[in-house]
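The values are calculated or read from the model by the stated rules, or taken from the named source; none is laboratory data. What you see is a predicted model, and the numbers here were worked out from it, not measured in a lab. A quick note on method: Cβ atoms are made from the backbone with ideal geometry, for glycine too, and the neighbour counts reach across all protein chains shown. Accessible surface is based on the protein model in full, side chains and every heavy atom, while ligands, DNA and RNA are left aside. Shrake-Rupley method; radii C 1.70, N 1.55, O 1.52, S 1.80 Å.
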Amino acid sequence: QRRVRGTRKKLEFFSFPERSASVVKFSCSSSTLSSSILQKMFGLRVQKYFANLCTKESLANLFFDYYLPASQVIAIGHPFIHSAPGAYLSQFPIIGYVLIGIIFLVLGLKLKTDEIKDALRSGHVFFIAIISSLFVTGAIVAAITDKLPFDVLGSEEKESMFGPYEFRIGLLLYYSVPCTITAGIVLVAQAEGNLPMAGAIATVANVIGCYTTPILLKVFLAGIEGEFDIAAVLIKLTFSILAPVIVGKLLQFIPRVPDAVKVCKRWISIVTSTCLAI
């Protein structure tokens, strides 16, 4: 392009009428040449981009990175289209407990007590985060929603702009449970925070939250008439959550298990995401 521009400038000095036509032809040919070069360069860049995108490694990274959100979108949207599989699986409650057990078994396999020990050295930060995550947020939402005029529980009339009372129960449940381990670590990583502390807080809060959430809901919804057997719920949670975590942690003492977990880390996350979607 530099040669073409230099040649074009030199030709502009010629004022011979017999060469004016050649100057015009050369200008047109040079512009056509430069545009064809740009088109080829752009085409090569596009081909190189799609070639890199379609490599085996890139496709694998794309699959592992977006499997969790894709599976959740499918799990939420599929019942609106075809609800028969979910209705069939709901006839077997044991399936839900088995899937939850698998998720927390994997949590036990990945559990690192060294991070928890390091977090306990800054005990005040650790305990403030646990208390605020498990108790403070739920109490604030309970106080706010208690003053809002929801519709009467079980009423078919929709009068309140805030929706049915079941919506308040959903809000209380949502804000009484801690965030997931993955979400907590990702958010802290984006904020350039203390990742070991975030992992320890999220892990401990998820285990403790399984027992605090039913108790908090019983307290927050004390004015509602209904049967709520906390003892039975806690027993089920112990066998479906706490026991798998302990088993997974004990499996770490088998020499080859930690190395196998590291090698199959991404496929293990696929298993947990599938269990969560089901």
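Miscellaneous remarks
- Which numbered condition Ala231 misses (of (1) touching a residue at least 12 places away in the same chain (Cβ under 8 Å); (2) among the hydrophobic types (A, V, I, L, M, F, W, C); (3) open to solvent by less than 70 Å² (accessible area, probe 1.4 Å)): (1)
- When residues of the stretch 234-278 are limited to those that are among the aromatic types (Phe, Trp, Tyr) and part of a helix (DSSP H, G or I), the one farthest from Tyr97 (Cα to Cα): Trp267
- Candidates in the stretch 183-204 are the residues that are over 20 Å from Gly138 (Cβ atoms) and touching a residue at least 40 places away in the same chain (Cβ under 8 Å); of these, the one that is most open to solvent (accessible area, probe 1.4 Å) is Pro196.
- When the stretch 177-221 is filtered for residues that are under 19 Å from the mean Cα position of the chain (by Cα) and among the hydroxyl-bearing types (Ser, Thr, Tyr), the ones remaining, listed by number, are Thr180, Thr182, Thr203.
- For the stretch 114-143, a residue qualifies if it is within 18 Å of Ile185 (Cα to Cα), touching a Ser or Thr at 6+ places or on another chain (Cβ under 8 Å) and at pLDDT 85 or above, and exactly one does: Leu134.
- Residue check, Val177 crowded, with 18+ Cβ neighbours inside 10 Å, under 21 Å from Ile230 (Cβ atoms) and out of contact with any Phe, Trp or Tyr (no Cβ under 7 Å at 6 or more places or on another chain): yes
- Every residue from the stretch 142-164 that is of a type in the set (Val, Ile, Thr) and surrounded by fewer than 18 Cβ atoms within 10 Å (Cβ to Cβ): Ile144, Val152
- Residue check, Leu99 open to solvent by less than 50 Å² (accessible area, probe 1.4 Å) and either under 17 Å from the mean Cα position of the chain (by Cα) or within 27 Å of Leu237 (Cα to Cα) (or both): yes
- Of residues in the stretch 102-138 being free of Cβ contacts under 8 Å to residues at least 40 places away in the same chain and small (Gly, Ala, Ser), the one surrounded by the fewest Cβ atoms within 10 Å (Cβ to Cβ): Gly123
- Verdict on Ile181 being touching a helix residue (DSSP H, G or I) at 6+ places or on another chain (Cβ under 7 Å) and either aromatic (Phe, Trp, Tyr) or modelled with pLDDT under 80 (or both): yes
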